[in-house]
1. Determine which single condition B:Ala233 fails, assuming it passes every other condition in (1) over 20 Å from B:Glu81 (Cα atoms); (2) in contact with a strand residue (DSSP E or B) (Cβ under 7 Å, 6 or more places away or on another chain); (3) more than 8 Å from chain A (Cβ to nearest Cβ).
2. Does the range B:228-243 hold any residues that are in contact (Cβ under 8 Å) with a residue 12 or more places away in the chain and surrounded by 16 or more Cβ atoms within 10 Å (Cβ to Cβ), and which are they?
3. Got a sec? Which strands (runs of 3 or more DSSP E) wholly within the range A:23-112 have at least 2 residues that are among the basic types (Lys, Arg)?
4. Would you mind stating whether A:Arg323 is of a type outside the set (Val, Ile, Thr), without any contact (Cβ under 8 Å) to a residue 12 or more places away in the chain, surrounded by 14 or more Cβ atoms within 10 Å (Cβ to Cβ) and farther than 30 Å from B:Ile195 by Cα?
5. Would you check which residues across the range A:171-189 are within 11 Å of chain B (Cβ to nearest Cβ) and either assigned to a loop (DSSP other than H, G, I, E, B) or in contact with a Phe, Trp or Tyr (Cβ under 6 Å, 6 or more places away or on another chain) (or both) and list them?
6. Among the residues of the range B:205-227, is there at least one that is part of a strand (DSSP E or B), touching a Gly at 6+ places or on another chain (Cβ under 8 Å), in contact (Cβ under 8 Å) with a residue 40 or more places away in the chain and within 11 Å of chain A (Cβ to nearest Cβ)?
7. Could you name every one of the strands (runs of 3 or more DSSP E) located completely within the range B:88-172 that has at least 1 residues being more than 15 Å from the chain's Cα centre (by Cα), more than 10 Å from chain A (Cβ to nearest Cβ) and without any contact (Cβ under 8 Å) to a residue 60 or more places away in the chain?
Amino acid sequence: MSRSSFRAAWLLLCLLSPTVCAGEEFGFNLAEFEKKELEWGGYLELKGEHLELHENSALGILRFYRDRPSTLDRFSTTLQLDGSFSRGAATLNWVLQGSAAQDDADWEDTAEVFEGYASLKASPHATFDLGKKVFKWGKGYAWNPAGFIDRAKDPDDPEQALEGFIGAGADLIKSFAGPLRNLAFTAVILPVWRGINEDFGDRDQVNLAAKLYLLYRDTDLDFIWYTGNSRSSRYGFDFSRNLATNLEIHGEVAHIPKQPKNILQPDNRVELREVTDTSYLLGVRYLGENDLTTIIEYYHNDDGYSEEELGRFYALVAEGYSRFLSSGSTTLLDQAAGLSQLYGRPQAGRNYLYARAVQKEPFDLLYFAPAITAIVNLDDRSFSVSPEAVYTGFTNWEMRLRFSLINGGYHTEHAEKQNSSRLELRLRYFF
Amino acid sequence: MLTSMNCAKKIRPLLLLLFAWLAVILPAAPAAFALDGNEILARVDRNLQPESYEMYRKLINIEPDGARKEFVLYTVKKGREKMVALFLSPASEKGRATLRLGDNMWLYIPNVGKPLRITSLQSVVGGVFNNADILRLDYSAEYEVSRIEEKGDTYLLDLKARSGSVAYDRLKMTVDKQALVPTVIECFAVSGMLIKTLYYKDIKDFGDGIRRPATIETDSPLYKGYKSLMLYAKIAKRELADEVFTLNYLPRVEELR
């Protein structure tokens with residue numbers, strides 16, 4: 001093709017399809033992005049982990065007291081499918097997740113509906129939802145003490161998808177001119193019946209949660225309230241504000257006047273007490289001149305256990321293991337296993353510090369983000385520290401390499417966890 | 001003699017009026033000059049986009065070796081300070097949405113659920129464009145003209161940020177006199193350092209009286225060898241409720257399309 005005929009053909013193409021010729025050799029065909037009734041996507045994840053196990057740690061003993069390996073290799077795969085179907089003012093939304101994991105000891109697989117709800121948008125001011133939904137209330141990055149109707153997230157990976165609860169909700173929004181710019185009210189009815197939300201709390205109850213949001217003088221404010229008999233009533237408040245273009249502060253507080261709490265006694269009895277909890281969190285997010293983002297959060301978990309109370313649990317496991325070795329009896333280990341949901345949960349203590357620093361694209365390496373995250377139990381000074389590197393340079397691929405060192409002194413929270421270190425390579429393909 | 005005195009008496013009030021007029025006009029002259037610059041800037045804004053609109057854009061990051069990454073965004077804006085951008089592509093970013101209300105910015109990531117406050121200097125896409133470029137309000141909403149100069153077929157405008165919360169402290173904007181749209185904008189930090197340069201290219205008729213550059217190219221001394229482009233495929237006037245620009249609405253922005 002001669003140069004002049006090529007030019008003529010190109011000109012004709014531009015005339016027929018102007019969006020193709022928006023910029024030199026770069027095209028933008030808008031037809032590819034027209035809205036469809038059915039939208040879907042998701043990701044496939046492959047993850048390989050190598051764990052070095054703590055010698056004689058409480059949680060390690062509870063899992064491996066019969067045959068104790070020193071390392072554990074695990075390979076897992078996860079498939080998440082999300083999507084929506086819209087027609088008129090109604091939308092069906094879903095997030096489905098299935099995963100399978102094989103380590104040196106066990107095979108585990110799960111398939112869950114994380115979200116599945118119908119949404120009716122009556123107007124921009126009002127939306128009604130029915131079904132299983134994640135709410136994510138609270139402003140904290142690593143923890144959300146005021147997330148009364150959410151599952152606890154993993155501070156090691158706060159951006160992981162979580163499973164929601166089934167309920168019916170209404171969302172009302174109003175905007176204003178003046179210092180109060182936005183006002184939003186969200187109310188959720190959350191039943192707990194046989195087969196519905198059974199892991200939320202006591203059964204055969206209908207619970208109510210509400211949140212009032214205000215954007216007042218450039219500050220996000222939330223007033224949160226929960227009442228019902230599945231869990232005790234509770235009150236929350238959170239805020240978030242940019243103090244400068246590169247500095248954000250946030251905080252939240254949760255008050256539970258009457259909270260039942262199981263506490264292990266020195267004689268290994270478990271005593272149920274009613275306590276008053278006030279948990280709170282304060283955090284900052286700062287962006288430095290060299291594109292270093294730092295997140296720091298202090299969390300007081302009033303629902304957690306003191307150093308002494310955690311120590312009793314670790315001593316129970318040690319005594320149980322000693323008895324198992326001498327007599328083969330697993331009575332105490334079984335009791336400890338029953339308590340491990342409370343004493344072995346992530347952040348079972350009282351006072352924590354979370355610090356994360358992410359360097360965006362150092363040395364002009366586009367889409368490369370090294371980071372380091374530390375979680376410190378301020379009472380016993382045990383910690384986990386995790387350097388990582390994330391690369392997203394290949395379209396729709398994400399690669400993360402992460403190493404975690406988990407340690408502390410004798411009978412401290414992190415030293416009593418199952419593993420002392422973890423090396424993880426995670427690969428995600430989005431579609 | 002009498003005649004000349006009568007003449008002086010007649011002239012005196014006229015002179016007084018002239019002095020009074022000069023006394024009012026002269027101190028106000030620089031303000032009037034600056035006002036012209038601000039008027040030009042306001043017209044540049046209206047030529048670039050209607051006050052309330054919906055828009056489709058593609059962002060392309062190009063690395064020194066020619067490797068590219070592309071993002072497609074659907075954007076709606078209302079008035080001077082309300083804006084939402086939703087990622088339509090690639091799949092890894094789909095569903096992410098950013099909201100801007102004046103100086104406030106939030107990022108909604110579907111898995112994370114709740115919107116996180118972000119800053120104008122960060123970049124949700126990586127590369128040379130930052131959040132302030134992607135969620136850009138009218139220039140006249142954030143800047144005032146401190147100096148204007150005519151140079152051939154162009155106006156050279158020096159813009160100064162109205163507040164410290166704006167991403168760039170100063171802009172040097174070259175404006176095409178005839179089309180009244182920017183051709184080049186240099187963005188400077190408070191320190192005077194050049195952060196990036198934006199090149200407006202390929203003037204195109206988007207219909208409904210909107211005729212503006214369809215391509216913005218940018219480079220930065222901070223990202224040597226890298227280049228980013230923003231391609232515009234559709235800009236159309238659209239009236240929207242204020243409630244669309246709220247945190248609670250962010251997960252539902254897709255429903256506006």
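The values are calculated or read from the model by the stated rules, or taken from the named source; none is laboratory data. Since we're looking at a predicted model, the values are computed, not measured. Neighbour counts run over all protein chains shown; Cβ positions are idealised from the backbone, glycine included.
1. (3)
2. Let us first name the residues in the range B:228-243 that are in contact (Cβ under 8 Å) with a residue 12 or more places away in the chain, namely B:228-240, B:242.
The answer is B:Ser228, B:Leu229, B:Met230, B:Leu231, B:Tyr232, B:Ala233, B:Lys234, B:Ile235, B:Leu240, B:Asp242.
3. The qualifying strands (runs of 3 or more DSSP E) are A:71-87.
4. Yes: the conditions hold for A:Arg323.
5. Selection gives A:Leu172, A:Phe176, A:Ala177, A:Ala184.
6. The answer is yes, given that some residue of the range B:205-227 is part of a strand (DSSP E or B), touching a Gly at 6+ places or on another chain (Cβ under 8 Å), in contact (Cβ under 8 Å) with a residue 40 or more places away in the chain and within 11 Å of chain A (Cβ to nearest Cβ).
7. Once the strands (runs of 3 or more DSSP E) in the range B:88-172 are filtered for at least 1 residues that are more than 15 Å from the chain's Cα centre (by Cα), more than 10 Å from chain A (Cβ to nearest Cβ) and without any contact (Cβ under 8 Å) to a residue 60 or more places away in the chain, what remains is B:97-101, B:104-108, B:143-151, B:154-161.
A quick yes/no check of all residues on (1) at pLDDT 95 or above; (2) surrounded by fewer than 24 Cβ atoms within 10 Å (Cβ to Cβ); (3) away from every other protein chain (no Cβ under 11 Å):
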| position | (1), (2), (3) |
| --- | --- |
| A:Leu130 | yes, yes, yes |
| A:Pro145 | yes, no, yes |
| A:Asp150 | no, yes, no |
| A:Asp154 | no, yes, yes |
| A:Ile166 | yes, yes, yes |
